[in-house]
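Chemist: Pasting in a structure now, in structure tokens, and then I'll have a few things to ask.
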Amino acid sequence: MKGMLELEYLGHSAFALRDGEAEVLIDPYLSENPKAPPSAKEVRPSLILVSHAHGDHVGDTVELSNRFDCPVLSTFEVGNVLAEMGAKVIPGHIGGDFEFPFGRVKMFPAVHSSSFDDVHVVGAPCSFLVTMGGHSVFHAGDTALFGDLALIAEETVVEAALLPVGGVYTMGIKDAVRAARLLRAVKMVPMHYNTWEPIAVDEGEMREAVREQPFELVVLRPGERTML
Ligand code: NI
Ligand code: MN
């Protein structure tokens, strides 16, 4: 059965997906995030997904995992380091497909890197396909454009594609439009922009780039929610 799924943007690449009591929190960079909204203090995760080890994605993962006795899913080596830091980690890696009481999470690649500040290179980055309440949401993590995003469209209807648009460290808006097309996304939600000056994106330019594309651009301000 298809219920309503709530998607909240928490700034940068952080999102919460909520279906009833269940909350999936993705890349919870909250307490240090200059763009985190006040509602970031009210997260109550049932599961945390971490796309890679960079600080602007790991964020408050360990603290939240402890406070809510909440499992964390990431790529293998990143998970091992998070476990050493005290998080409750579910073993997994890219390609894995995981069932939870509230839905499923499948891990896909991302073209990027992965390192903790003081541990050098750690493991691989990933992206996540989350299926919850009958809805499918794809969080691309930090990635460049790559063709295999099209494979994801073969297995589900991606209702919302959460895609980095800030450029410099990830794909920019033009490549994000191409990614949304490969994913055959119904809605594209931009992320990983405007947190700092180097990844500033003009909203008018973004709207221009998606004109006449076969998907809807949904721009969420930090703290804004949309229903899927
Ligand atoms: Ni990164
Ligand atoms: Mn990043």
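Chemist: Answer with yes or no whether ILE48 is aliphatic (A, V, I, L, M), open to solvent by 40 Å² or more (accessible area, probe 1.4 Å) and touching a Pro at 6+ places or on another chain (Cβ under 8 Å).
Modeler: Criteria not met by ILE48.
Chemist: Within the set of pairs 6 or more residues apart or between chains, which connect a residue that is on the phi < 0 side of the Ramachandran plot and part of a strand (DSSP E or B) inside segment 161-178 to a residue that is aromatic (Phe, Trp, Tyr) and away from ligand 2 (no atom under 12 Å from the Cβ) with Cβ atoms less than 9 Å apart?
Modeler: Final answer for the pair search is ALA161/PHE138; ALA161/PHE215; LEU162/TYR9; LEU162/PHE15; LEU162/PHE138; LEU163/PHE138.
Chemist: I would also like to ask the following. Within segment 43-55, does at least one residue satisfy the condition of being free of Cβ contacts under 8 Å to residues at least 24 places away in the same chain, farther than 17 Å from LEU129 by Cα and out of contact with any Ser or Thr (no Cβ under 6 Å at 6 or more places or on another chain)?
Modeler: No, segment 43-55 has no match at all.
Chemist: Another question, if that's okay. If you go through segment 113-131, how many residues are more than 14 Å from the chain's Cα centre (by Cα) and surrounded by fewer than 24 Cβ atoms within 10 Å (Cβ to Cβ)?
Modeler: 11
Chemist: Looking only at segment 203-228, filter to residues that are out of contact with any helix residue (DSSP H, G or I) (no Cβ under 6 Å at 6 or more places or on another chain) and under 25 Å from HIS54 (Cα atoms); which one of those is surrounded by the most Cβ atoms within 10 Å (Cβ to Cβ)?
Modeler: That would be PRO222.
Chemist: For segment 1-40, list the strands (runs of 3 or more DSSP E) that sit wholly inside it and hold at least 3 residues that are within 23 Å of ALA87 (Cα to Cα) and at pLDDT 95 or above; which are they?
Modeler: Correct list: 15-19, 22-26.
The values are calculated or read from the model by the stated rules, or taken from the named source; none is laboratory data. The model shown is predicted, which means the values in this text are computed figures rather than measured ones. Here Cβ is always computed from backbone atoms with ideal geometry, including for glycine, and neighbour counts include all displayed protein chains. The area values use the complete protein model at the heavy-atom level, side chains included, leaving out ligands, DNA and RNA. Shrake-Rupley method; radii C 1.70, N 1.55, O 1.52, S 1.80 Å.
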